[in-house]
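Structure record follows, encoded as structure tokens.
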Amino acid sequence: MNIFYNAAGVGDVLLIQITPEKTEKVTTDIIGDVTLVKDAQTSEILAINIFGFSKYARLEANGQVDLNEVLVAKIQEVLNTNNVNYQLEVDLSPKFVVGLVESLEQHPNADKLKVCQVNVGNETLQIVCGAPNVDAGQKVVVAKVGAVMPSGMVIKDAELRGIASSGMLCSARELALPNAPEVKGILVLEDNNEIGSAFVS
């Protein structure tokens, strides 16, 4: 789940993205200050918009909003107040973490891609990477599924040339770090970074 708020650019509306998946046809249900955006075929809730959010809580955000337990509880309270029968299920774990490239092999269908096995602490992710400098033994920044990049792109499970990929190994430029080099390549971290810990730019 990702949340966005930009009063100056969009208006006093809290935008809640439940799933990054796109669908061709949607329907909307308006219940008080809440608009539910649903898949027209399955009726699955894809997004929730809360209008006039400033009367419920004050947000200083100008874009993506950092999720925390207090904000999630407030949003759930707003849904309940507007008689919306929906229970939020939120993963508050960090989406940008330190990972260890444990192994990699050549992609069978693409010369410039590598298939990496990346330890992110509580699990090992398979991530397809095209960076020329990626190598086994490196500690790197992993954008996990659900992460929102500074560009606005949402990281999703994908399939690249027939190989499943769950996440992205990030370059300094993709992370919008100051003085990021122009050359292609992922950001390689110092070895003292703890695997699975949140990456803070």
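Leaving out ligands and nucleic acids, and using a 1.4 Å probe, what accessible area per residue does the chain come to in Å²? Don't skip to the answer; put the middle values down first.
On the way: 11510 Å² over 201 residues.
For the chain, the per-residue accessible area is 57 Å².
Multiply the residue separation of PHE51 and GLU21 by 0.36 nm, subtract the distance between their alpha-carbon atoms, and state the gained length in nm to one decimal. The partial results should precede the final answer.
Values: separation 30, 0.36 × 30 = 10.80 nm, distance 2.29 nm.
Using 0.36 nm per residue and subtracting the Cα-Cα distance, I get 8.5 nm.
What FRET efficiency comes out for the pair GLN106/ASN133, r = Cβ-Cβ distance, R0 = 22 Å, nearest 0.05?
On the way: r = 15 Å, r/R0 = 0.70.
Plugging the Cβ-Cβ distance into 1/(1 + (r/R0)^6) gives 0.90.
Helix 69-81 versus the longest principal axis of the chain: what is the Cα-based angle in degrees, 0 to 90, to the nearest 10?
With rounding to tens, the tilt is 30 degrees.
Could you pull out every one of the lysines with an alpha carbon less than 28 Å from that of LYS25, ignoring same-chain neighbours closer than 8 positions?
Here the lysines satisfying the reach criterion relative to LYS25 are LYS38, LYS144, LYS156.
In a Gaussian network model over the chain where Cα atoms closer than 10 Å are linked, find which of GLY11, GLY63, GLY99 has the largest mean-square fluctuation.
Per the Cα network of the chain with a 10 Å cutoff, GLY11 tops the list.
Defining a contact as two alpha carbons under 8 Å apart and six or more residues distant in sequence, what relative contact order in percent does the chain show?
17 percent
Can you list the lysines whose alpha carbon sits under 18 Å from that of LYS139, skipping same-chain ones fewer than 8 residues off?
Correct list for LYS139: LYS95, LYS114, LYS184.
For SER43 and MET153 in one chain, what is 0.36 nm times their gap in residues minus the Cα-Cα distance, to one decimal in nm? Intermediate values should be presented prior to the final figure.
Values: separation 110, 0.36 × 110 = 39.60 nm, distance 2.50 nm.
Value of the extension gain: 37.1 nm.
The values are calculated or read from the model by the stated rules, or taken from the named source; none is laboratory data. Nothing here was measured: the structure is a model prediction, and the numbers come from that model. Every residue, glycine among them, receives a Cβ derived from its backbone with ideal geometry; neighbour counts consider all protein chains shown. What goes into the accessible areas is simple: the full protein's heavy atoms, side chains included, and nothing from ligands, DNA or RNA. Shrake-Rupley method; radii C 1.70, N 1.55, O 1.52, S 1.80 Å.
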